[in-house]
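What follows is calculated from the coordinates using simple rules that are stated; it is not laboratory data. Everything numeric in this text was worked out from a predicted model, so none of it was measured. Every residue, glycine among them, receives a Cβ derived from its backbone with ideal geometry; neighbour counts consider all protein chains shown.
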Amino acid sequence: MSPHTPDTPKIPYGGDYNPEQWPEDVWDEDHRLFTRAGIDTLTVGVFSWSLTQPAEDVHDFTVLDRVLDRAAAEGRRVCLATGTAALPPWLAGKYPEVGRTDFEGRRHRYGQRHNFCPSSPAYRRLSTAMAGRLAERYCHHPALLAWHINNEYGGACYCDLCAEAFRAWLRDRHGTLDAVNDAWWTTFWSHRYTDWDQIEPPSALTEHWRGPDHTAFQGITLDYQRFMTDALLGCFTAEKEAVRAHDPDTPVTTNLMGAYRPLDYHRWAPHLDFASWDNYPPLDAPPTRPALAHDLMRGLKDGAPFWLMEQTPSTTACRDVNPLRRPGELRLATFQAIAHGADAALYFQLRASRGACEKYHGAVIGHAGRDDTRTFLEVEAIGAELAALGAATLGARTPSRTALLFDWDSWWALEISDGPSRLVRYPDVVHSYYRAAREAGADVDVVPVTADLTPYDVVLAPVLHLVKGDLAERLEAVARRGGTVLATFLTARSDEHDRAFLTDVPGPLAPLFGIRVDEWDARPEDVVQRVSMGEFTTEARLVFEIVRLRGAEAVGTYGDDFYAGTPAVTRHAHGTGEAWYVATALDQPGVGHVVRRVLARHDLTGPCADQPGVETATRVTADGTSLLFLLNHTTNAAHLAMRQAATDLLTGKTYEQGESLPLDPLGVAVLRLQ
């Protein structure tokens, strides 16, 4: 493995552990239960700053020393956090500048967590100093497996320090005020800036009304979101550099949050030694929601495996209603993560907190410390399976031939746009196309718009609102060599600064798709359009682009209103390939119909494409061994006719070609194909 990937003999199994909350006699019981459950990896110190530094000139690592020493004595490894995600009270009291100013312009007093201004010199100085002290003290500790910087970065600040930092960021990005004025189109509403100090962060006090998505100047808000991504990233890289000054080898990460709108994780990816993330989907969401996030996280590091850093073993506590995982769902969620590229399976939390806002959050060990609860027994059973699985999946890659382009800039630009419709939500449309591809059995790489597209036969680009750089040329190259490109309504509307293209919609992609869009109709959600695609009829909502054919052919047509009979779905031959355009928000059956036609052209439908709720995923090991994961997300038994001989690594059972493999309700199989 790479020196910057955690080196383990099996999938690390465990999770967040906060022994500082308990007397040491509880630690004895914890480790006994950890051994029984097969837990070998502990995430330690995530919120320990007030413990390790009770005053600016006082450091006390006594408890942390004992925690790591005990882990090492028990043969466990530690993912050691720097603890800098929540300020100690003394820091906020001594340096009020560290408190964030919110969107409404209110300077916050001490409280909660993620409560620091990323532009605060005091926060930067003290957080990096803490990271350096920890690295100096523990870099050679036998329990140390990885460094965990901060925790779930997020949020935004609009204080004067951030305003100054924003102006410096703009100078670096744009160079001159003339370039800024051009990018933001400031001749509109008399906004032309003549001095850098005139520029203010876009907030409720300046460019916004009715909240963060309603802005008079999309270019200003778009740049501030980019700036805040970079400001928080600067906090991460500063701590990482402090760690690296003492420890050049141990891998460094921070726990991301999947499709998390505030931060563009593609900008973070080069700075992570390995990606890790916290999986907390709504428990009633379709299984393709967490699958999309898994694939997005895998795509951050060019398809390298990631760590599942957190998931609940039973229930969350932060939502208005917090459903309980049903029997078998935890195992299914764990193996879904592994199927999509996870090389670790960790929980939040290992022992339930006695007080504060997460006391009802699910835990492996509850308040009573019992070892006979359903949750503990399920965790124990999964631990035994992962021990038996050993290193079989570690480092394995996903051989996808289908790519889905995911772009934070387009997400931000689409959802801060006035018109055509604020009912269109970027992650929902992206998920609908991802879901269609996954339910058809295709493995999907979720990649940035800068990714190399040459490995892919199919490229899905839903609501790619901004088209930047040479993307148009690279998409044309996919079709020219025989591949298929699919885009949707509201794609290619603007450039990187969110300025409309001075050409026919869809901008620089119009030649590829062979269409022209002059008008579009946005309607309330209860207005439904029929779309006919031969014998298949489906429904569409929200946005209806009125398409003129310029070389493309109509595959589907609208059924109602004055544009009845005009194209709603088109296909255009380009080179030896095709470009499909979906001009409206089709319902899920409609999206599924289109995507399956695209995938079928390249023989990319999977072995369970006709079994709703049965997911397949493939990983290939370094020696070329193919692993096929089968995941039954239904409460009914399923069967798979084997296309080739295989051995189930979880049961040891061998299946011959043509034999029927039974899959229990919520069942899992990990097949080594022969």
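Laid out as a table, the results:
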read-out: Most to least packed among 563-573, 440-450, 21-31 [average Cβ atoms within 10 Å]; value: 440-450, 563-573, 21-31
read-out: Net lengthening on full extension, Gln198/Ser50 (0.36 nm per residue, minus Cα-Cα); value: 49.4 nm
read-out: Rel. contact order, % - alpha carbon contacts under 8 angstrom, at least six apart, region 9-163; value: 25 percent
read-out: Separation in nanometres of the label points that stand 7 Å from Cα toward Cβ, at Asp172 and Gln588; value: 4.3 nm
read-out: Per-residue [θ]222 nm for the chain (sum of -39500 (n - 2.57) over DSSP H runs n ≥ 4, rounded to 500); value: -9000 deg cm²/dmol
read-out: Cα convex hull of region 339-441 - mean projected area over all directions, nm²; value: 11.2 nm²
read-out: Two-site FRET efficiency, Arg672 against His140, from Cβ-Cβ distance with R₀ of 35 Å, rounded to 0.05; value: 0.40
read-out: Extension gain (nm, one decimal) between Asp57 and Thr634, 0.36 nm per residue minus Cα-Cα; value: 202.0 nm
read-out: Prolate/oblate/rounded label for region 43-139 (Cα gyration tensor, a/c 1.5); value: prolate
read-out: Compactness of region 281-337 - radius of gyration and Dmax, Cα, Å; value: 12.3, 37
read-out: Two-decimal log10 I(q)/I(0) for region 402-601, as the Debye equation yields it once each C-alpha is a single scatterer, q = 0.14, 0.17 Å⁻¹; value: -0.72, -1.14
read-out: Distance (nanometres) between label positions extended 7 Å along Cα→Cβ at Leu650 and Arg548; value: 5.6 nm
read-out: Cα gyration tensor shape for region 232-301, rounded if a/c is under 1.5, else prolate or oblate; value: prolate
read-out: Anchor Lys240: lysines whose Cα lies under 18 Å away (excluding residues fewer than 8 positions away in-chain); value: Lys301
read-out: Cross-link reach list, aspartates and glutamates versus Lys94, counting only Cα pairs under 19 Å and skipping chain neighbours closer than eight places; value: Glu56, Asp57, Asp160
read-out: FRET efficiency, Ala73 to Ala269 (Cβ-Cβ, R0 35 Å, nearest 0.05); value: 0.45
read-out: Bins of 5 Å, starting at 0 and running to the largest distance - Cα pair percent for region 429-514; value: 3, 14, 25, 26, 20, 10, 3, 1
read-out: Stokes-Einstein translational diffusion, region 614-673 - Kirkwood Rh over all Cα pairs, 1.002 mPa s, 20 °C, in µm²/s; value: 185 µm²/s
read-out: Rounded FRET efficiency, nearest 0.05, which uses the C-beta distance separating Thr576 from Arg319 and R0 of 51 Å; value: 0.55
read-out: Separation of the Thr537 and Glu358 label points, Cα + 7 Å toward Cβ, nm; value: 5.3 nm
read-out: Rg/Rg_globular for region 135-244, with Rg_globular taken as 2.2 N^0.38 Å and Rg from C-alpha atoms; value: 1.39
read-out: For the chain: relative contact order, % (alpha-carbon pairs under 8 angstrom, 6 or more apart); value: 11 percent
